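A.B. asks: The structure follows.
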Amino acid sequence: MPMTDVLIVGAGPSGVAAAAQCAHLGLGVRIIDRTGAAGGLVANAFLVENYPGLERPPSGEELAARFRAHLERFDLSVERASARGFLNDDGVWFVTTDTGEIASRAIVFAVGTRPKPLGAPGERECEGRVFTEVRGLLARFPSPKRTVIAGGGEAACDSARSLAARGASVSLLVRGDSLKARGRLVTAVRGTPGIELGFGARIERLEMTEDGIVASIASQGGSSSLEVDAVLVAVGREPALTPIFPDCGHGHPAGRQIRMSHGVYVCGDARCGGLGQVGIAVGDGLEAAGLVAREIRGAVE
């Protein structure tokens, strides 16, 4: 089995930064991601307004394309695979994936976070019309007429703008009495035609119909129902490390060091606990790459 210097698990901003920097430092690199493409969750963004050095705020898809082009400059590509587990044998790490086994001197886990479910009755039965990423929703329904979003954070608000830009009527349901998102994004959401805010509201049940999905909604004004094309769930995210690290389920990864043990590193939202900032993720990836290079070169020397 051929062995690489470093295996990057995850191709979001932190994984891309770590991979490119490792290659820049002269290391052999392989990258795997469950989607087979670079970008990660950033590709869902309506606009990325707080990443410095760009002539204008790009859409998430545009920034993801820039990440892909960045990897190509280093002759790097993303393999479609998901990590299932790993073990060390005489200083070599063997990562089990759904497509086979990969041997590497070091591993950088840049797996980010995974969405929390809505938890409402009927959610599983409505598979195909309930989504956790706006990309998936728009891939299935390119021109949705009416949608419901559960959540009031940045992801929910940003997704509402994306859907409204496609001409959809969007009901944004927030459990509390205010949005969790702050600043310019809130102003943009409130000023976007087609977005209706519902505070003190939650989805109690989902039911599939021939033409769509019916969401039963409980709010301060009582109960109601709404028939929509699709439902987007944006009620929070949790670390995606647990399936790979079974013993990591007892604590939040916030504050975890980048170097977890000899040859094992974690960076980006997987380490920070879901800050969702591209700049922080990129910086994490660069730092991880530097640590990997020093460790591998020290072992060789």
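A.B. asks: I need the peptides 111-121, 29-39, 79-89, 149-159 ranked by packing, meaning the mean over residues of other C-beta atoms within 10 angstrom, with the highest value on top.
C.D. replies: In descending order of packing, they fall as 149-159, 29-39, 111-121, 79-89.
A.B. asks: Charges only on Cβ, +1 for Lys and Arg, -1 for Asp and Glu: so what's the dipole of the chain about the Cα centre, in debye to the nearest 20? The partial results should precede the final answer.
C.D. replies: Values: 32 positive and 34 negative charges, 127 e Å.
The calculated dipole for the chain is roughly 600 debye.
A.B. asks: In vacuo Debye scattering of segment 59-195, one point per C-alpha: log10 I(q)/I(0) at q = 0.10, 0.18 Å⁻¹?
C.D. replies: Log10 I(q)/I(0), no solvent term: -0.52, -1.11.
A.B. asks: If R₀ is 45 angstrom, what is the calculated FRET efficiency for the pair Lys180 and Phe94, using the beta carbon separation as r and rounding to 0.05?
C.D. replies: Computed FRET efficiency for Lys180 and Phe94 comes out at 0.65.
A.B. asks: Could you please tell me the mean projected area of the C-alpha convex hull for segment 1-115, averaged over all directions and given in square nanometres to one decimal?
C.D. replies: 7.8 nm²
A.B. asks: Return the calculated 222 nm mean residue ellipticity for the chain, to the nearest 500 deg cm²/dmol, obtained by summing -39500 (n - 2.57) across DSSP H runs with n ≥ 4 and dividing by the residue count.
C.D. replies: Taking each H run of at least 4 residues, the total per residue is -8000 deg cm²/dmol.
A.B. asks: Want the number for Arg294 to Arg34: 0.36 nm per residue separation, take away the alpha-carbon distance, what's left?
C.D. replies: The span from Arg294 to Arg34 would gain 90.8 nm if fully extended.
A.B. asks: Among Arg182, Arg135, rank each residue by its count of other Cβ atoms within 10 Å, from fewest to most, as a rough exposure measure.
C.D. replies: Arg182, Arg135
A.B. asks: Sort Val278, Val9 so that the residue with the fewest other Cβ atoms within 10 Å of its own Cβ comes first and the one with the most comes last.
C.D. replies: Arranged by neighbour count, lowest to highest, Val278, Val9 become Val278, Val9.
A.B. asks: When the Cα centres of segment 137-183 and segment 31-58 are compared, how far apart do they sit, in Å?
C.D. replies: If you average the Cα positions of each part, the centres end up 19 Å apart.
A.B. asks: May I ask for the percentage of alpha-carbon pairs in segment 117-233 that lie more than 17 Å from each other?
C.D. replies: Result for the distance tail: 50 percent.
A.B. asks: Could I ask something else about it? Got a sec? How would Asp98, Asp269 order by Cβ neighbour count within 10 Å, fewest to most?
C.D. replies: Least to most surrounded, the residues fall as Asp98, Asp269.
A.B. asks: Just going by the charge dipole of the chain, with Lys and Arg at +1 and Asp and Glu at -1 on Cβ, which of Ser178, Ala11, Ala230 is farthest out on the positive end?
C.D. replies: About the Cα centre, the residue reaching furthest to the positive side is Ser178.
A.B. asks: Return the inverse of the average 1/r over all pairs of distinct C-alpha atoms in the chain, which is the Kirkwood hydrodynamic radius, in Å to one decimal.
C.D. replies: Value: 20.4 Å, from the Cα pair sum.
A.B. asks: May I ask you to list, by number, the DSSP H helices of the chain whose Cα span along the axis is at least 27 Å and whose average Kyte-Doolittle hydropathy reaches -0.5 or more?
C.D. replies: Span-like helices here: 278-300.
Since every read-out is calculated from the coordinates, none of them should be taken as a lab result. Computed from a predicted model, the values in this text were never measured in an experiment. Every residue, glycine among them, receives a Cβ derived from its backbone with ideal geometry; neighbour counts consider all protein chains shown.
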